[in-house]
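Trainee: If you scroll down you'll find the structure; I have some questions about it.
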Amino acid sequence: MHPAGGSCRYRNMDMSDYDAVLDLWRVSGFTIRPLTDTREGIERLLVRNPGLSIVALDGELLVGCALGSHDGRRGFLQHVAVSPASRGLGIATKIVDICLERFRALNLGWVHLDVVEGNDVAMSFWQRIGWGPRDELTRLSFCLLD
Ligand SMILES: CC(C)(COP(=O)(O)OP(=O)(O)OC[C@H]1O[C@@H](n2cnc3c(N)ncnc32)[C@H](O)[C@@H]1OP(=O)(O)O)[C@@H](O)C(=O)NCCC(=O)NCCS
């Protein structure tokens, strides 16, 4: 086990984490979505999916997070990020392990996530911890925003 991955404290995300999580997403280069990444949007996700979103704390400092959700059949992970200064220490691996444990407890068969084209670090990370593409599937989406 990497030292910081093991020495961080991990707990369920709650709304008191929102500002720090938003900072982490911004510094991680995520697009902050209108509606769904607002305080109201994140609160809605947390209320609908108790115990599936996890944060990592190094002392008082929030250094990692993942949003987990499910629709009753499949699980979803989104916005998995670790602070630049804390990367490479096993923190994301530990966060994802906790999420998977929670998904298993809900008897979900698959967990899905999206990786933005060209995010090679993310692809290396996910493949290293056992995730892979579903070559037989193509994701189609419909945007509800005007
Ligand atoms: C991807 C990310 C979450 C990984 O977090 P992390 O805490 O540094 O990851 P871990 O330390 O648990 O790494 C586990 C394994 O992933 C791989 N990995 C992690 N970072 C890597 C990098 N920069 N280059 C290549 N492989 C990497 C390694 O194989 C590593 O295992 P090892 O240290 O034993 O070699 C982090 O880099 C990040 O926040 N990136 C920006 C946000 C992002 O792109 N998120 C993913 C969206 S899909």
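Trainee: I'm trying to understand the selection: among the residues of the stretch 59-105, which are in contact with a Leu (Cβ under 8 Å, 6 or more places away or on another chain) and open to solvent by 70 Å² or more (accessible area, probe 1.4 Å)?
Mentor: Of everything in the stretch 59-105, those that are in contact with a Leu (Cβ under 8 Å, 6 or more places away or on another chain) and open to solvent by 70 Å² or more (accessible area, probe 1.4 Å) turn out to be ARG73, ARG74, GLN78, ARG102.
Trainee: Taking the stated definitions as given, is GLY90 at positive phi and either modelled with pLDDT of 95 or more or of a type in the set (Asp, Glu) (or both)?
Mentor: On the way: at positive phi: yes; either modelled with pLDDT of 95 or more or of a type in the set (Asp, Glu) (or both): yes.
So GLY90 passes the test.
Trainee: Every residue in the stretch 69-111 that is within 13 Å of the ligand (Cβ to nearest atom) and either hydroxyl-bearing (Ser, Thr, Tyr) or in a strand (DSSP E or B) (or both), please. Before you say what the answer is, go through the steps one by one.
Mentor: The first filter runs over the stretch 69-111 and keeps only residues within 13 Å of the ligand (Cβ to nearest atom), leaving 76-99, 111.
Within the stretch 69-111, PHE76, LEU77, GLN78, HIS79, VAL80, ALA81, VAL82, SER83, SER86, THR93, VAL111 qualify.
Trainee: Restricting to the stretch 34-51, name every residue that is under 27 Å from GLU101 (Cβ atoms) and open to solvent by 60 Å² or more (accessible area, probe 1.4 Å).
Mentor: Selection gives THR36, GLU43, ARG44, VAL47, ARG48, PRO50.
Trainee: Oh, and also: Could you please find all residues in the stretch 8-26 being more than 15 Å from the chain's Cα centre (by Cα) and open to solvent by 90 Å² or more (accessible area, probe 1.4 Å)? Step through it out loud before you land on a result.
Mentor: Residues of the stretch 8-26 more than 15 Å from the chain's Cα centre (by Cα): 8-9, 15-16, 19.
Scanning the stretch 8-26 gives ARG9, SER16, ASP19.
The values are calculated or read from the model by the stated rules, or taken from the named source; none is laboratory data. Nothing here was measured: the structure is a model prediction, and the numbers come from that model. Heads up, the Cβs are rebuilt from the backbone with ideal geometry, glycines too, and the neighbour counts pull from every protein chain shown. Surface areas here come from the heavy atoms of the whole protein model, side chains and all, with no ligands, DNA or RNA. Shrake-Rupley method; radii C 1.70, N 1.55, O 1.52, S 1.80 Å.
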